[in-house]
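Worksheet for the structure shown next.
What follows is calculated from the coordinates using simple rules that are stated; it is not laboratory data. These figures come from a predicted structure and were not determined experimentally. So basically every Cβ, Gly included, is an ideal-geometry build from the backbone, and we count neighbours across all protein chains shown.
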Amino acid sequence: MGPATVARAMVAGVRQVWPRAETSERPLSDGGNGLLEACRALEEGQLEPIVVQGPLGAPVRAVLLRQGSRVVIESAEACGLHLVPESRRDPIGATTFGVGELLRAAVAGGAGSIVLGLGGSATVDGGSGMARALGWEFLDGRGRPLPPGGGELSRLASLKSPPRWSIEVTALCDVENPLVGPLGAARVYGPQKGADARQVELLEAGLARLAEVVETELGVGVADLPGAGAAGGLGAGCRAFLGARLASGADWMLERAGIEGLLASADLVVTGEGHFDAQSRMGKVTGKVLVAAAAAGVPALLVCGRIDGPLPDGVEGMQGAGAAGQLETEDLAELTAAGCRALDEGDRL
């Protein structure tokens, strides 16, 4: 369910309770799934289909969004977890190569700047696959190219770089995690992508080695950089190999959505996601919306498939669908309506 569909369903739920309510829809994304849809809803643009290499090597159909000289790319289009059946997940070998192919297509089509959304990936390769598609080589101690995927990065000895490009790239991170460590890409998100305990440590060692070589050869520190752990370390790869600026995807999107102006005249904010938990407070757009609403003194209704953990003050939570965290459009509208009834104070909106 895309962000525009979610927004429409929430509005439908509000109108069940308050038919005369004035509503403003803002489809949002924090850089992961739904970024292109959210950007197109706010600023239009043309979608361009491209066939690229998927996370396991097979071709996948992806799209990018051209908005004048700016191109918006959603990395999950090429390396998303949704592209890999659960039984075939391979965090050791999965690659971001297709993301690099999308970047090449954007530049070939005349992009003046690129916004690259990070999130929802099946990969933990530190962006090495993306870089390979752009001409970078990752070599072992004998000068031989390493196989693709994050599982081989612990053997990385040196890099061979192609000519650098001058396109301005902004990488939108959906989390604030560093590349390595207890809160890094492998240890926090590796298990979600199918990594067992042994594989997590192998991936951690590979990302740590990548950070060492990048700092030594390129003079770029990515190990502790906030957002570097986004999309399995793709944030680090964007900084190291593209010279990208890492930015909060949620902040970037909320600024374009005009959230401050909307909150100034709002009586209620309705937002949500499939599964709201501690990670939702680590840079994701739903958590940012709740923070902005609290700062403006506006109550909020959080509608989710599943909610784990306490909610901030001033937030009413509604959940359904149990552990699956999945809602159909009708369920979302009904949950929104139920939450509005709980907040109802005599048709005050």
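How large is the translational diffusion coefficient of the range 46-184 in µm² per second when you combine the Kirkwood radius over alpha carbon pairs with Stokes-Einstein at 20 °C and 1.002 mPa s? Once the numbers are plugged in, D ends up at 138 µm²/s. Charges were assigned to the Cβ only: +1 to each Lys and Arg, -1 to each Asp and Glu. The resulting dipole of the chain about its Cα centre is roughly 1020 debye. If the reach is capped at under 13 angstrom between alpha carbons, list the aspartates and glutamates near K160, excluding any in the same chain fewer than eight residues apart. Partners within reach: E137, D140, E217. Reported to the nearest whole Å, the Cα centre-to-centre distance from the range 188-240 to the range 90-121 is 17. Every helix of 4 or more DSSP H residues in the chain counts as -39500 (n - 2.57), and over all residues that averages to -10500 deg cm²/dmol at 222 nm. Potential lengthening of the chain between A247 and T5 amounts to 84.5 nm, from the contour at 0.36 nm per residue minus the alpha-carbon distance.
Taking trypsin sites (Lys or Arg not before Pro) as exposed when DSSP calls them loop and at most 15 other C-beta atoms lie within 10 angstrom, the chain has its longest site-free stretch at 165-347.
Look at the dipole of the chain built from charges on Cβ: of G237, G143, S154, the Cα furthest out on the positive end belongs to G143. Each principal axis of the Cα cloud of the range 103-232 was taken in turn, and the coordinate range along them, longest first, works out to 44, 37, 24 Å. Shape descriptor for the range 246-313: Rg over Rh equals 0.95 (Cα atoms; Rh from the Kirkwood inverse mean 1/r).
Here is the size of the range 1-116 from its Cα atoms: Rg then Dmax, 16.8, 54 Å. Percent of C-alpha pairs per 20 Å bin in the chain, short distances first: 32, 54, 14, 0. Positive end of the dipole of the chain (Cβ unit charges, origin at the Cα centre): among Q67, M253, V99, the Cα lying farthest that way belongs to V99. Positive-end ranking of L81, P182, P163 along the dipole of the chain, with charges on Cβ about the Cα centre, is headed by P163. A Förster radius of 51 Å combined with the Cβ-Cβ distance from R142 to A342 puts the calculated FRET efficiency at roughly 0.20.
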